Amino acid sequence: MKSLTRAVLPHPLLTLLLIVTWCLVTNSVAPGTFVLGTILGVLIPMGTSAYWPGAPNGLRAGKMLVYLVIVVWDILLANIAVAWIVVTRSNRAMRSTWVAIPLDIRTPEAITMLAGTITLTPGTVSADLSDEGHTLLVHALDAESPEDVRDEIKQRYERRLKEIFE
Amino acid sequence: MTLDLVLDIAMAASLVIGALFTLVGSFGLLKLDDAMKRLHAPTKASTLGVGALLLGSSLAAFGRGEPSLQEVLILAFLFVTAPISAHFICKVNLHRRSCDTPPTPAKDQTWATLDTAGDETR
C-alpha cells in the first residue's frame with residue numbers, strides 16, 4: 001500500500017502546490033479546474049520523479065509563515081534604506097564589501113532559502129558557496145563592518161531556517 | 001468617503017510607489033560604478049517596485065468587482081527566479097575576476113566558482 005502511494009504520489013507537497021498554482025493560473029476554483037489541476041498535479045511529479053530522487057524531510061509550516069512575514073517586512077525596510085543610499089551617497093563613500101557567512105544549516109533546501117532571502121533583501125546579494133558548502137559568500141552594498149552583516153543574517157534568518165528545516 | 005474612492009486612492013498610491021522604486025532601481029544601475037554594486041539596483045526594482053505595481057493591479061481588479069489572485073502568482077514566480085539570475089551574474093563576475101577578490105572561506109579550500117583545479121584535465 002505504501003509503495004503504491006509512493007508510486008502515484010512521489011511528492012505529495014509538490015502535487016498540492018501544482019493544484020494551487022493551476023487554480024491561480026486559471027483564476028477560478030470551479031470543479032472542472034480543480035479536476036484538471038489534480039490530473040496535472042499527479043502526472044507532473046510522476047513524470048519528473050526520476051530527477052528528484054530524495055524528498056525533503058518536511059518543514060514546520062507555522063514557523064515558515066512567521067519567517068515569510070519577517071522577510072516581507074525586511075524587504076520593505078531594506079528597500080527604503082537602500083534607495084536612500086543609492087540616491088544620496090556618492091560611489092566613493094559607499095563601503096561595499098564581501099561578507100563570508102559560515103553556515104550551520106546543512107540541508108540544500110534551507111541553504112537555498114537563505115541565499116534567496118539574502119538576495120531579495122536589498123543591500124545584500126548572495127554570490128557563491130564554498131567548494132564543500134560550509135560558507136556562503138555575500139556582497140553587501142554599504143556595510144559598516146562585515147561582522148555586523150554576518151551576525152545579523154545568522155541571527156535573523158539562519159537560526160529560524162534551522163528551526164524550520166532541521 | 002465611499003469604498004470606491006478609498007480603493008482608487010490606495011491603487012494610485014501603490015502605482016506611484018512602484019514607479020518610484022523602479023525609477024530608483026534604474027537610476028542606481030546607471031550611477032553605481034562596479035559590476036557587483038550595480039547588481040544591487042535591479043534586486044530593489046524587482047521586489048518592492050514590481051510588488052507595489054502588482055498590488056495596484058490587484059486592487060484595480062478588486063474595484064471592478066472581479067477579484068483576481070494572479071498577481072500573487074506573478075510575485076511568487078518572480079521571487080523564486082530573481083535570486084537565481086542574480087546568483088549567476090555574481091558567478092560570472094567572480095569567474096572573470098571583474099570584481100575584488102573575495103576573502104578565503106574559513107572552513108573550506110576556496111569558493112565553488114574559483115575552484116578550477118579539475119578544469120585543466122579537459
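Among the residues of the range B:96-108, those that are surrounded by 13 or more Cβ atoms within 10 Å (Cβ to Cβ) and either polar (S, T, N, Q) or over 23 Å from A:Thr121 (Cβ atoms) (or both) comprise B:Thr104, B:Asp108.
Just one of the listed residues (B:Leu30, B:Leu48, B:Leu20, B:Leu15) is closer than 16 Å to B:Ala82 by Cβ and among the aliphatic types (A, V, I, L, M), namely B:Leu48.
Taken as a whole, the structure places B:Lys44 among residues that are among the charged types (D, E, K, R), within 8 Å of another protein chain (Cβ to nearest Cβ) and in contact with a Pro (Cβ under 6 Å, 6 or more places away or on another chain).
Listed here are the helices (runs of 4 or more DSSP H) enclosed by the range B:16-70 that have at least 2 residues being in contact (Cβ under 8 Å) with a residue 24 or more places away in the chain and buried (at least 19 other Cβ atoms within 10 Å of the Cβ): B:40-44, B:50-63. Cβ-Cβ contacts under 6 Å between residues 6 or more apart (or on different chains), taken from a first residue in the range A:96-109 that is more than 9 Å from chain B (Cβ to nearest Cβ) to a second residue that is in a strand (DSSP E or B) and among the hydroxyl-bearing types (Ser, Thr, Tyr), are absent.
Condition first: surrounded by 17 or more Cβ atoms within 10 Å (Cβ to Cβ) and either without any contact (Cβ under 8 Å) to a residue 12 or more places away in the chain or away from every other protein chain (no Cβ under 12 Å) (or both). Now tell me which residues in the range A:131-142 satisfy that. Across the range A:131-142, the qualifying residue is only A:Asp131. Once the range A:143-158 is narrowed to residues that are touching a residue at least 12 places away in the same chain (Cβ under 8 Å) and outside any loop (DSSP other than H, G, I, E, B), the residue that is farthest from the other protein chains (Cβ to nearest Cβ) is A:Arg156. For the criterion of being more than 14 Å from chain B (Cβ to nearest Cβ) and small (Gly, Ala, Ser), A:Ala93 fails. The conditions of being in contact with a helix residue (DSSP H, G or I) (Cβ under 8 Å, 6 or more places away or on another chain) and either over 22 Å from A:Gly123 (Cβ atoms) or part of a helix (DSSP H, G or I) (or both) are not met by B:Val92.
Here, each number is a calculation from the coordinates, and none is a lab measurement. Note that the coordinates shown come from a computational prediction; the quantities given were computed from them, not determined experimentally. Neighbour counts run over all protein chains shown; Cβ positions are idealised from the backbone, glycine included.
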